Amino acid sequence: MGAQASATVNPNAKERVVGPIILLGPPGAGKGTQAKFLVDAFGIPQISTGDILRDNVARKTELGVKAKAVMERGDLVPDELVCDMVADRLQQPDCARGFILDGFPRTVRQAEWLDGQLEKMRAGKDAQGQRAYAPPVVIRLVVEYNQLLQRLTGRRSCPTCGLIYNVYYQPPKVPGVCDCDGTPLVQRRDDTEEVIAERLKAYEQLTLPLVDYYGSRRRLIEVDGNQPVEAVAAQMFGALENVNRV
Ligand code: ADP
Ligand code: AMP
């Protein structure tokens, strides 16, 4: 699947400096699904703030203890906590050619913080290194509300390899079991109708303003996320090619 969608990508893409790519969209838009294609094509890491937070909750770290109740309600974790977490992650050597941000930034304050952080990281680098921390390309996945509800209630994932399935749209070959490693699939605690409604409300109020933030800076690329997975990926790679990221 990944190989097909990224067939047109430059074969040197796994050595080149790609720079930051942001996947922007509501919960269920397909950010995690599309991030995997980008990881395959470019060999740069996916940084999912939701995944990192869930890992902290599971390990009962100080951050996880602070975030748990907020996440269970469907609200956003405070900006300071999330930005500190992202700052640490961006220092890792695997981010040196670029990285894919999935679920971050989610507020205008986070976006402003990120711009400042990238500027700091750019300073003092050579031309190659500077590109890794250049202003991000932002891919907005646009999906209709009812489709989001269906995707979120049907989402299942593999706790071992992270593959994402959907009982309606991308079912595993054997119901309830990962195709890759046979692990029983799990449903996220916040993928219940009540919490989904809160998460979509938080998106509308706090994250949607980022469309203007990045649009006015001419960094936004819109992709029709209502299409089947592979068609979304093809449109996304086409758009990245147009801005010379492929
Ligand atoms: P996000 O990371 O934006 O919350 P996911 O990538 O986890 O979204 O996708 C949410 C659910 O929708 C998953 O169950 C996934 O399998 C499914 N999905 C993703 N993209 C599509 C698509 N283009 N068409 C149908 N279902 C999709
Ligand atoms: P996600 O996996 O992206 O759907 O995120 C799951 C939950 O983690 C969200 O509902 C928030 O509570 C929290 N979260 C993830 N990313 C952020 C972020 N950038 N800012 C604040 N909270 C976040």
From the option list 79, 55, single residue qualifying as surrounded by 13 or more Cβ atoms within 10 Å (Cβ to Cβ) and near ligand 2 (Cβ under 10 Å from one of its atoms) is 79
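Among what's in the range 184-227 and is small (Gly, Ala, Ser) and open to solvent by less than 30 Å² (accessible area, probe 1.4 Å), pick the residue that is nearest to ligand 1 (Cβ to nearest atom).
Of all residues in the range 184-227, those small (Gly, Ala, Ser) come to 197, 202, 215-216, 225.
Next cut, open to solvent by less than 30 Å² (accessible area, probe 1.4 Å) only: 202, 225.
On the way: 202: 13, 225: 6 Å.
Among those that are small (Gly, Ala, Ser) and open to solvent by less than 30 Å² (accessible area, probe 1.4 Å), it is 225.
Look at residue 180 and say whether it is free of Cβ contacts under 8 Å to residues at least 40 places away in the same chain, assigned to a loop (DSSP other than H, G, I, E, B), over 18 Å from residue 50 (Cα atoms) and of a type in the set (A, V, I, L, M, F, W, C).
Values: free of Cβ contacts under 8 Å to residues at least 40 places away in the same chain: yes; assigned to a loop (DSSP other than H, G, I, E, B): yes; over 18 Å from residue 50 (Cα atoms): yes; of a type in the set (A, V, I, L, M, F, W, C): yes.
Against the criterion (free of Cβ contacts under 8 Å to residues at least 40 places away in the same chain, assigned to a loop (DSSP other than H, G, I, E, B), over 18 Å from residue 50 (Cα atoms) and of a type in the set (A, V, I, L, M, F, W, C)), residue 180 qualifies.
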For residue 193, indicate whether it is within 16 Å of ligand 2 (Cβ to nearest atom), out of contact with any Leu (no Cβ under 6 Å at 6 or more places or on another chain) and touching a residue at least 40 places away in the same chain (Cβ under 8 Å).
yes
Pull out all pairs, ordered by first then second residue, where Cβ-Cβ is under 8 Å, the residues are six or more apart or on different chains, the first lies in the range 133-157 and is closer than 21 Å to residue 117 by Cβ and outside any loop (DSSP other than H, G, I, E, B), and the second is open to solvent by less than 40 Å² (accessible area, probe 1.4 Å) and of a type in the set (D, E, K, R).
137/245
What is the number of the single condition among (1) open to solvent by 50 Å² or more (accessible area, probe 1.4 Å); (2) among the small types (Gly, Ala, Ser); (3) under 17 Å from residue 24 (Cβ atoms) that residue 69 does not meet?
(3)
Read through the list (1) surrounded by fewer than 19 Cβ atoms within 10 Å (Cβ to Cβ); (2) over 19 Å from residue 46 (Cβ atoms), then give the number of the only condition that residue 230 fails.
(2)
Show the residue pairs meeting these rules: Cβ distance below 7 Å; 6+ apart or different chains; first residue within the range 88-105 and among the acidic types (Asp, Glu); second residue near ligand 2 (Cβ under 9 Å from one of its atoms).
102/31; 102/32; 102/48
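Among the residues of the range 96-113, what is the count of those that are part of a helix (DSSP H, G or I), surrounded by 18 or more Cβ atoms within 10 Å (Cβ to Cβ) and hydrophobic (A, V, I, L, M, F, W, C)? Give the derivation first.
Step one: of the range 96-113, the residues part of a helix (DSSP H, G or I) are 108-113.
From what's left, surrounded by 18 or more Cβ atoms within 10 Å (Cβ to Cβ): 110-111, 113.
Still in the running and hydrophobic (A, V, I, L, M, F, W, C): 111, 113.
Count: 2.
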Identify the residue in the range 114-169 that is within 14 Å of ligand 1 (Cβ to nearest atom) and polar (S, T, N, Q) and, among all such residues, is surrounded by the fewest Cβ atoms within 10 Å (Cβ to Cβ).
146
For residue 230, the lone unmet condition from (1) part of a helix (DSSP H, G or I); (2) among the acidic types (Asp, Glu); (3) within 28 Å of residue 78 (Cα to Cα) is (3)
Step by step: first the residues of the range 34-43, then only those that are closer than 23 Å to residue 110 by Cα and crowded, with 24+ Cβ neighbours inside 10 Å, then the one that is nearest to ligand 1 (Cβ to nearest atom). Which residue is that?
34
With respect to residue 179, is the statement that it is open to solvent by 60 Å² or more (accessible area, probe 1.4 Å), of a type outside the set (S, T, N, Q), within 14 Å of ligand 1 (Cβ to nearest atom) and more than 21 Å from the chain's Cα centre (by Cα) true?
yes
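The values are calculated or read from the model by the stated rules, or taken from the named source; none is laboratory data. It should be emphasised that the depicted structure is a prediction, and the values quoted were computed from it without experimental measurement. Positions of Cβ are generated from backbone atoms using ideal geometry, with glycine treated the same way; all protein chains shown enter the neighbour counts. Remember, those area values only see protein heavy atoms, side chains included, never the ligands or the DNA or RNA. Shrake-Rupley method; radii C 1.70, N 1.55, O 1.52, S 1.80 Å.
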